[in-house]
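The values are calculated or read from the model by the stated rules, or taken from the named source; none is laboratory data. As the structure is a prediction and not an experimental result, all values here were calculated from the model. We place every Cβ from the backbone using ideal geometry, glycine too, and count neighbours over all the protein chains shown. For accessibility, only protein heavy atoms count, side chains too; no ligands or nucleic acids. Shrake-Rupley method; radii C 1.70, N 1.55, O 1.52, S 1.80 Å.
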Amino acid sequence: MFLYNLRLAIKSIRRNLSLSVLMVAAIGIGIGACMTVVTVYYMMSGDPIPHKSDRLFAVQLNNWEAPGPFDQDRPERLPELLTYQDAMNLMESDIPTRKLAMHASGLTLDPANPDINPMLTTTLFTTTDFFAMFDLPFQYGGAWDESADSSAAEVAVISRSLNETVFGGENSVGERISLDNREFLIIGVLDHWEPVPRFYSAHNNAFGETDDAFIPLSVNATWEKQNFGNTNCWGDSPIDSYAAFLGSECVWIEYWVELDTAAQQDRYLSYLAAYISEQKRLGRFPIADASAEIHDVNDWLVYNEVVNPDFRVLLGLAIMFLVVCLINTVALLLAKFSANAPRVGLRRALGASKATIFKQNLVEVGLIGLGGGMLGLLLARLGLQGVKAVNLGQYDQLVRMDQTLVIAALLVSVVAALIAGLYPTWRICQVPPATYLKTQ
Amino acid sequence: MPIRPILSALLRNKTGAVLLVLQIAITMAVIVNAAFIVSQRLAKMNRDPGFDVPNMIAFQSWGFGADYNHEVAVKEDTDYLASLPGVLGVTTTASLPLSNSGSANTFAATGEEFDEAGADTPEIVANTYVMNEQVLDALGVELVAGRTFYPEEVSYRTPQHSSFAPSVIMTRDLAIETYGTEDALGKTLYDGLGNPAEVVGIIENMQGAWVDWDDLTHVLLMPGIAAGPFLRYIVRVEPGRRDEVMRVIEETLPARNSERMIRRIQPFTEIVARSYRRDHSMTILLIATVIMLVSITSLGIIGLASFAVRQRTKQIGTRRAIGATRRDILGYFMVENWLVTTGGVLLGALLTVAVNMWLVDAYSLEKLDWAYIPAGVLILWVLGQLAVLVPAIRASGIAPAIATRTV
């Protein structure tokens, strides 16, 4: 029966080929435009670490000065980063399962191999838990341990791509690299790791490339390498030295904790509140209701407005676009089916039930929808290339379609076409056989 | 052309007409709002930067060698670059204007507030640049009053320092914001710690770091050289010689000192383009959306009209046989389309405003300029008429003899 319906549908499509092509094109372009924007939006607002995003929290403390809030336009917001002294103090807490402090720097790598030119490496100064907490995969070796943090050991974990550039992808654990003229022992090489969006550093460059090297934060306490990310300061005590900077009210350290249970989260929040009261007694945290906040990964991405609002606008417009394409399809189907009325009348007179006619026409509509969906996928692919081209590399990681999206696109187009086809199909079933038999 | 029979014919096929009205209405809402956003982005990207973007080159220098001497390296590199033929000015800086990355500090016009603890200080936020005495030539900014820095005012600044600067140069907007007048020459500016500096120069407005910042022209220049080992250079050249000088820099500069790495030698236009890439891509994506939407809607109109013509071939023939001219038939389809489009744009105008209100509300976009609505109406009218023209002409070509034939 289905095959018979299929044959009929194909026959009908060929009878009005140009109209059918127009319908496929309309659905295709609508789906294509919609999918292009949806793909970027989906990747942009995706969960970069789904299995534990609700257990990882960015920590904020309001150490800001009394007269003005940290963010003049949105006074309810706390600084996104911590002062060095607060980060170091929070490291003392045993409540979180894991915890880390970090900041980025740019260091010049001078390869031992004279054929390779010196290059800039974005380096993350961080603490041991970084790797286990964010689930970094290792190709060779592993992370450093707490003793390396406390002794400021000159060890490094490097990214897979840096390892490929400098060591040709060989196991380089045990080798040394020279960063800003200081030798570091490589203890680990990462495998491919590229969370999208890059939830850490979300406040700065959420779609940037992953860092090249990772070094214990304690090394920089004496090395004095400048922070690459944001540094915001207040206060009227002069900062004349790096030591003074570390002890200042400048916020520049990103701090994350892993809290596995709700009880742990509550305990940690009370700990933070207690910490603020304690610091208040020492004359810090001047704002009367200075508070602490923790945000889990997805919250944090929203808080930092990682999704470019332009793409929300585009998404709204793309949906309206798809609606136009569907209305267009409904109108064309109505016209097409109305032309079919005499034929339907004849079939009905010969004994076809309404249900049979309905099914027949629906198969045809579904076929058009499928054609539209496939065209749409093709166009979305082109569209994504277009987005990639006009974004000058900003969203390269976002313009990929995964399986879910491909299936969703096909499903949406068939469902959309079926919905668009329901009314015309229903209309055609209402054809009273007699009317059309008479006119013949 | 009598409208009544056309209207009653339309009402007999209400669904088709309503669908077309809806389609035109949504099309209008999308293209008018898209066009408005595009025009705003274009205006934003075409603002006058106030400095000589097309003739500037920028690059980074990273000192890393064991024997790297920042002061010597900077002096040698600056002097060498300034000596290159075609170069008008060279300055070092920690960050670049219009690069979406930079420093801002708070300042005040008076130092008194700093004596009273907790006083509500009227703070001025300015985007700051530490540059050398060639700054005006290196940027190509226009001096309104005063002078550039003296070489002796230019000293090395460590990242952690509490001193302000012996002198500062500010843009007109910043002068007006700070002192209420652009005649700020000789006045004193206080930094966040209450340290004073004399305003020695006022320049025409130039844009600062962040293209989305409301106070983009609040720029303050301070004399100095950023502490190493990282800094950036800006080189401004005579018009038309940028690429030539850039090649010379690429070929000769890196080899002059192996203790530092020269990176990202690029025309300033690229830096600016990068900062505006969100706006740039939004513009292109919106234009693409408009083009596709307009084609879909036109194709829909063409498709429906062609279909109607084919369906009504016999009636058209009959009308022709009983005296209707070709013009009458052509007119029929044109007027029919005009009626439907008019319905569409009336609804579309409401929808356009609604969509704009959503955009204003949710994404704080600007309120639509009302003139865009009549423009949108006009465009859709013309579009509808153009789309229907081909099928209508075909209809008008149907021979009266058709009527005598059976289907």
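Return yes when B:I316 is surrounded by 22 or more Cβ atoms within 10 Å (Cβ to Cβ), more than 14 Å from chain A (Cβ to nearest Cβ) and in contact (Cβ under 8 Å) with a residue 40 or more places away in the chain and no when it is not.
yes
Among the residues of region A:280-339, what is the count of those that are within 30 Å of A:F207 (Cα to Cα) and either more than 7 Å from chain B (Cβ to nearest Cβ) or under 23 Å from the mean Cα position of the chain (by Cα) (or both)?
The total comes to 30.
Cβ contacts < 8 Å: first residue buried (at least 19 other Cβ atoms within 10 Å of the Cβ), restricted to region A:236-251; second residue in a loop (DSSP other than H, G, I, E, B) and of a type in the set (D, E, K, R), any location; separation 6+ or different chain. Result?
Going by the 8 Å Cβ cut-off, the qualifying pairs are A:E249/A:E65; A:E249/A:R284; A:V251/A:E80.
Quick check on B:H280: is it under 30 Å from B:V377 (Cα atoms) and either open to solvent by less than 30 Å² (accessible area, probe 1.4 Å) or touching a residue at least 24 places away in the same chain (Cβ under 8 Å) (or both)?
yes
Go through region B:241-265 residue by residue and tally those that are small (G, A, S) and without any contact (Cβ under 8 Å) to a residue 40 or more places away in the chain.
1
Looking at (1) more than 30 Å from B:A362 (Cα to Cα); (2) of a type in the set (D, E, K, R); (3) touching a residue at least 40 places away in the same chain (Cβ under 8 Å), find the lone condition where A:R281 falls short.
(3)
Counting just the residues of region B:300-313 that are in contact (Cβ under 8 Å) with a residue 40 or more places away in the chain and out of contact with any Pro (no Cβ under 7 Å at 6 or more places or on another chain), which one comes out nearest to the other protein chains (Cβ to nearest Cβ)?
B:G300
Considering every residue within region A:224-237, establish whether at least one is among the small types (G, A, S), closer than 20 Å to A:D86 by Cβ and within 10 Å of chain B (Cβ to nearest Cβ).
yes
Going by the structure shown, is B:V53 over 30 Å from B:G140 (Cα atoms) and of a type in the set (A, V, I, L, M)?
no
Scan region B:283-294 for residues that are more than 8 Å from chain A (Cβ to nearest Cβ) and without any contact (Cβ under 8 Å) to a residue 40 or more places away in the chain and report the count.
Selection size over region B:283-294: 1.
Filter region B:1-37 down to residues that are within 13 Å of chain A (Cβ to nearest Cβ) and open to solvent by 30 Å² or more (accessible area, probe 1.4 Å) and give me whichever is nearest to B:S364 (Cα to Cα).
Ranking the qualifying residues of region B:1-37, first place goes to B:A35.
Looking for whichever is out of contact with any helix residue (DSSP H, G or I) (no Cβ under 7 Å at 6 or more places or on another chain), open to solvent by 60 Å² or more (accessible area, probe 1.4 Å) and of a type in the set (K, R) here; the options are B:R232, B:R157, B:R172. Which one fits?
Of the residues listed, the single one that is out of contact with any helix residue (DSSP H, G or I) (no Cβ under 7 Å at 6 or more places or on another chain), open to solvent by 60 Å² or more (accessible area, probe 1.4 Å) and of a type in the set (K, R) is B:R172.
Counting only residues that are within 12 Å of another protein chain (Cβ to nearest Cβ), open to solvent by 20 Å² or more (accessible area, probe 1.4 Å) and not aliphatic (A, V, I, L, M), how many does region B:184-203 have?
So the count comes out to 4.
Within region B:329-341, is even one residue open to solvent by 40 Å² or more (accessible area, probe 1.4 Å), more than 30 Å from B:L96 (Cβ to Cβ) and modelled with pLDDT of 90 or more?
Within region B:329-341, one or more residues are open to solvent by 40 Å² or more (accessible area, probe 1.4 Å), more than 30 Å from B:L96 (Cβ to Cβ) and modelled with pLDDT of 90 or more.
I want to confirm something. Restricting to region B:204-259 and keeping residues that are part of a loop (DSSP other than H, G, I, E, B) and either in contact with a Cys (Cβ under 9 Å, 6 or more places away or on another chain) or of a type in the set (V, I, T) (or both), which single residue is farthest from the other protein chains (Cβ to nearest Cβ)?
Looking at the filtered set, the residue picked out is B:T217.
With the checklist (1) touching a helix residue (DSSP H, G or I) at 6+ places or on another chain (Cβ under 8 Å); (2) in contact (Cβ under 8 Å) with a residue 40 or more places away in the chain; (3) surrounded by 15 or more Cβ atoms within 10 Å (Cβ to Cβ); (4) assigned by TED's automatic domain parsing to the domain that holds B:V377 in hand, flag the one item B:Q40 doesn't pass.
Condition not satisfied by B:Q40: (1).
If you check B:I302, B:I271, B:I262, which single one turns out to be open to solvent by 40 Å² or more (accessible area, probe 1.4 Å) and not small (G, A, S)?
Sole residue among the options that is open to solvent by 40 Å² or more (accessible area, probe 1.4 Å) and not small (G, A, S): B:I302.
Are any residues in region A:48-77 among the basic types (K, R) and at pLDDT below 85, and if so, which ones?
Of everything in region A:48-77, just one residue is among the basic types (K, R) and at pLDDT below 85, namely A:R74.
Tell me, yes or no, whether region B:111-129 has at least one residue that is crowded, with 17+ Cβ neighbours inside 10 Å, more than 29 Å from A:P69 (Cβ to Cβ) and at pLDDT 90 or above.
no
Among (1) surrounded by fewer than 18 Cβ atoms within 10 Å (Cβ to Cβ); (2) under 27 Å from B:L81 (Cβ atoms); (3) under 28 Å from the mean Cα position of the chain (by Cα), there is one condition B:A255 misses while meeting the rest; what is its number?
Exception for B:A255: condition (3).
If you go through region A:104-146 one residue at a time, how many are in contact with a helix residue (DSSP H, G or I) (Cβ under 8 Å, 6 or more places away or on another chain), open to solvent by less than 20 Å² (accessible area, probe 1.4 Å) and within 14 Å of chain B (Cβ to nearest Cβ)?
The qualifying residues number 4.
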